[in-house]
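Undergrad: For reference, the structure I am asking about is given below.
The values are calculated or read from the model by the stated rules, or taken from the named source; none is laboratory data. Predicted model only: the values in this text are computed from it and were never measured. No Cβ is skipped: glycine too gets one built from the backbone with ideal geometry, and neighbour counts run over all protein chains shown. Surface accessibility is based on the protein's heavy atoms, side chains included, excluding ligands, DNA and RNA. Shrake-Rupley method; radii C 1.70, N 1.55, O 1.52, S 1.80 Å.
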Amino acid sequence: MFKAKEIKPGIWWVGVIEWNERYIHGFTMPYGSTNNAYLIMDEHVTLVDTCTERYWPELLDRISEIVDPVKIEYLISNHAEKDHEGALREVLAAAPQAKIVASPQGCKILETYVGGERELIPVKTGDTLTIGARTLSFIQTTMVHWPDNMVTYSPADKILFSNDAFGQFLATSERFADEVDPCLLFSCAKKYFANIIMPFAKQTAKAVAAVKELDLDMIAPSHGLIWRSQIADILDAYEAWCRLKPTDSAVIAYASMYGTTDRMARIIAEAMMEQGISVRLYDLAVSDISDIMTYIMDAKYVAVGSACHNMTVLPEAGRFLTYLKGLAPKGRIGIPFGSFGWAQPAQKEISTQLEGAGFAVPDAPLTTNWNDSPEDDQALYDAVTQIIESAE
Ligand code: FEO
């Protein structure tokens, strides 16, 4: 029923299109997702990665169209996270002879899946595995974005199985990147980078440099479309994204209660625009935090606001600050702000959290009473102007 697709002679895509998946760990996926797995038909049949647990019957169906899974001899696990190895137990049950090949860190994690009941072969950068006409080689890509990550290269096919790196959350009937709208493709790739790869940009830059040394016809990630004619484009994009160089831009994200913090956000935006700063403004009650993160990747200024509520921030701001803490790029300016009725702990809390996330934060948050006067508004405008001018 579920068909495999040959992407190179003897190499088959056998993954799962997750048409209706919309959310994973804070990240919304408006276009769905794909979990790719690849079957290499050689003397020793080899499977690269699996998929989420839920879709294992579909994965095995696609494999079975090409070969009886019982003939799989190697299962290469480039990364042990459950979106790639959630179906491991079911696949191993169908492939009783399969040995698992993974990085040393991957083998440790995979032991928790198989409990010592299956042979695990640890491989490091430079190690090879001959599966017949092909000799596969491995490159550890540690912390891109887990300790166990690695990529697998087949020189005979000039194909790199890159797992999470170069992925996009995009469910399509097409398998190749050059078959879909490039604007959608690269915006999905950038959102993916901002929400998954960004904290590990330094390690990723090294991985990109190593990948650039390879002779490549294809980069086959484990999410989304396979890169073919745009390999240089995605490698160049990753090189640029890894630099995390801020532009003269700002993100203003806030939670308002009766409208004063919203008004403050708009005044901050006006002051910034007057200074030539490109601004994106988001009411956190109606905005998606993973979309915002794509703009934070480029932003020199990140202003976070909340009205004070129950002596802390509003829940929408709290959720955003938690997400930001795990992903925030370094070397940016954080601007806490917000309104208050009778006490100002919310804005102090934003200051503390922004500092904890690595932002340079002005000495005092920008606050105003919820019955703000024209003088208050002017003082806010002037304070933001001062922050911008001091930073230049
Ligand atoms: Fe696609 Fe780190 O899992």
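Undergrad: Can you name every residue in the range 262-279 that is within 17 Å of residue 386 (Cα to Cα) and part of a helix (DSSP H, G or I)?
TA: If the condition is that a residue be within 17 Å of residue 386 (Cα to Cα) and part of a helix (DSSP H, G or I), then 264, 265, 266, 267, 268, 269, 270, 271, 272, 273, 274 are the ones that fit.
Undergrad: Let me ask another. Just to be sure, is residue 341 without any contact (Cβ under 8 Å) to a residue 40 or more places away in the chain, touching a Phe, Trp or Tyr at 6+ places or on another chain (Cβ under 8 Å) and open to solvent by less than 20 Å² (accessible area, probe 1.4 Å)?
TA: So residue 341 fails the test.
Undergrad: Right, another one. For residue 74, work out the one condition from (1) among the hydroxyl-bearing types (Ser, Thr, Tyr); (2) crowded, with 24+ Cβ neighbours inside 10 Å; (3) under 16 Å from residue 106 (Cα atoms) it doesn't fulfil.
TA: (2)
Undergrad: Within the range 229-242, does at least one residue satisfy the condition of being of a type in the set (A, V, I, L, M) and in contact with a Gly (Cβ under 8 Å, 6 or more places away or on another chain)?
TA: No.
Undergrad: Another one. Determine, yes or no, whether residue 284 is at positive phi, open to solvent by less than 50 Å² (accessible area, probe 1.4 Å) and in contact (Cβ under 8 Å) with a residue 24 or more places away in the chain.
TA: Considered against the rule, which asks whether it is at positive phi, open to solvent by less than 50 Å² (accessible area, probe 1.4 Å) and in contact (Cβ under 8 Å) with a residue 24 or more places away in the chain, residue 284 comes out as no.
Undergrad: Next question, about the same structure. Restricting attention to the range 239-251, and to residues there that are outside any helix (DSSP H, G or I), at negative phi and open to solvent by 10 Å² or more (accessible area, probe 1.4 Å), which single residue is farthest from the ligand (Cβ to nearest atom)?
TA: This residue is 248.
Undergrad: A follow-up question, please. Does at least one position in the range 363-381 carry a residue that is among the β-branched types (Val, Ile, Thr) and surrounded by fewer than 18 Cβ atoms within 10 Å (Cβ to Cβ)?
TA: Scanning the range 363-381, I find no residue that is among the β-branched types (Val, Ile, Thr) and surrounded by fewer than 18 Cβ atoms within 10 Å (Cβ to Cβ), so the answer is no.
Undergrad: Kindly indicate whether residue 353 is polar (S, T, N, Q), modelled with pLDDT of 95 or more and buried (at least 17 other Cβ atoms within 10 Å of the Cβ). Steps first, please.
TA: Details: polar (S, T, N, Q): yes; modelled with pLDDT of 95 or more: yes; buried (at least 17 other Cβ atoms within 10 Å of the Cβ): yes.
Yes: the conditions hold for residue 353.
Undergrad: Would you please list the contacts, defined by Cβ atoms under 8 Å and residues six or more apart or on different chains, that run from a residue in the range 367-390 that is over 17 Å from residue 335 (Cβ atoms) to a residue that is assigned to a loop (DSSP other than H, G, I, E, B)?
TA: 369/341; 370/257; 370/258; 370/307; 370/341
Undergrad: Something else: How many of the residues in the range 192-227 are out of contact with any strand residue (DSSP E or B) (no Cβ under 9 Å at 6 or more places or on another chain) and of a type in the set (Ser, Thr, Tyr)?
TA: Counting residues in the range 192-227 that are out of contact with any strand residue (DSSP E or B) (no Cβ under 9 Å at 6 or more places or on another chain) and of a type in the set (Ser, Thr, Tyr) gives 1.
Undergrad: Looking at (1) assigned to a helix (DSSP H, G or I); (2) surrounded by 22 or more Cβ atoms within 10 Å (Cβ to Cβ); (3) within 14 Å of the ligand (Cβ to nearest atom), which is the only condition residue 162 fails?
TA: (1)
Undergrad: Tell me which residues, restricted to the range 130-156, are more than 22 Å from residue 51 (Cβ to Cβ) and not hydroxyl-bearing (Ser, Thr, Tyr).
TA: Once the filter is applied, which keeps residues that are more than 22 Å from residue 51 (Cβ to Cβ) and not hydroxyl-bearing (Ser, Thr, Tyr), the range 130-156 yields 132, 133, 134, 139, 140, 143, 155, 156.
Undergrad: Another question, then. When you scan the range 199-206, do you find a residue that is within 16 Å of the ligand (Cβ to nearest atom), of a type in the set (A, V, I, L, M, F, W, C), within 20 Å of residue 8 (Cβ to Cβ) and open to solvent by less than 10 Å² (accessible area, probe 1.4 Å), even just one?
TA: Checking the range 199-206: not a single residue is within 16 Å of the ligand (Cβ to nearest atom), of a type in the set (A, V, I, L, M, F, W, C), within 20 Å of residue 8 (Cβ to Cβ) and open to solvent by less than 10 Å² (accessible area, probe 1.4 Å).
Undergrad: How many of the residues in the range 194-238 are in a loop (DSSP other than H, G, I, E, B) and acidic (Asp, Glu)?
TA: 3
Undergrad: Given the residues 34, 46, 52, which is the only one that is touching a His at 6+ places or on another chain (Cβ under 7 Å) and either open to solvent by less than 40 Å² (accessible area, probe 1.4 Å) or away from the ligand (no atom under 16 Å from the Cβ) (or both)? It would help to see each step written out before you state the result.
TA: Working: 46 fails: touching a His at 6+ places or on another chain (Cβ under 7 Å); 52 fails: touching a His at 6+ places or on another chain (Cβ under 7 Å).
Going through 34, 46, 52 in turn, just one is touching a His at 6+ places or on another chain (Cβ under 7 Å) and either open to solvent by less than 40 Å² (accessible area, probe 1.4 Å) or away from the ligand (no atom under 16 Å from the Cβ) (or both): 34.
Undergrad: Here is a further query. Please tell me if residue 92 is of a type outside the set (Phe, Trp, Tyr) and either within 16 Å of the ligand (Cβ to nearest atom) or farther than 17 Å from residue 12 by Cβ (or both).
TA: Considered against the rule, which asks whether it is of a type outside the set (Phe, Trp, Tyr) and either within 16 Å of the ligand (Cβ to nearest atom) or farther than 17 Å from residue 12 by Cβ (or both), residue 92 comes out as yes.
Let's see how each residue does on (1) farther than 25 Å from residue 232 by Cβ; (2) assigned to a strand (DSSP E or B); (3) within 16 Å of the ligand (Cβ to nearest atom):
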residue	(1), (2), (3)
113	yes, no, yes
125	no, no, no
133	yes, no, no
138	no, yes, no
148	yes, no, yes
168	no, no, yes
192	no, no, yes
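Undergrad: Same structure again: List the strands (runs of 3 or more DSSP E) that sit entirely inside the range 1-89 and contain at least 1 residues that are more than 23 Å from the chain's Cα centre (by Cα).
TA: Answer list for the range 1-89: 5-8, 11-13, 38-40, 45-48, 72-76.
Undergrad: In the range 95-111, what residues are buried (at least 18 other Cβ atoms within 10 Å of the Cβ) and assigned to a helix (DSSP H, G or I)?
TA: If the condition is that a residue be buried (at least 18 other Cβ atoms within 10 Å of the Cβ) and assigned to a helix (DSSP H, G or I), then 105, 106, 107, 109, 110 are the ones that fit.
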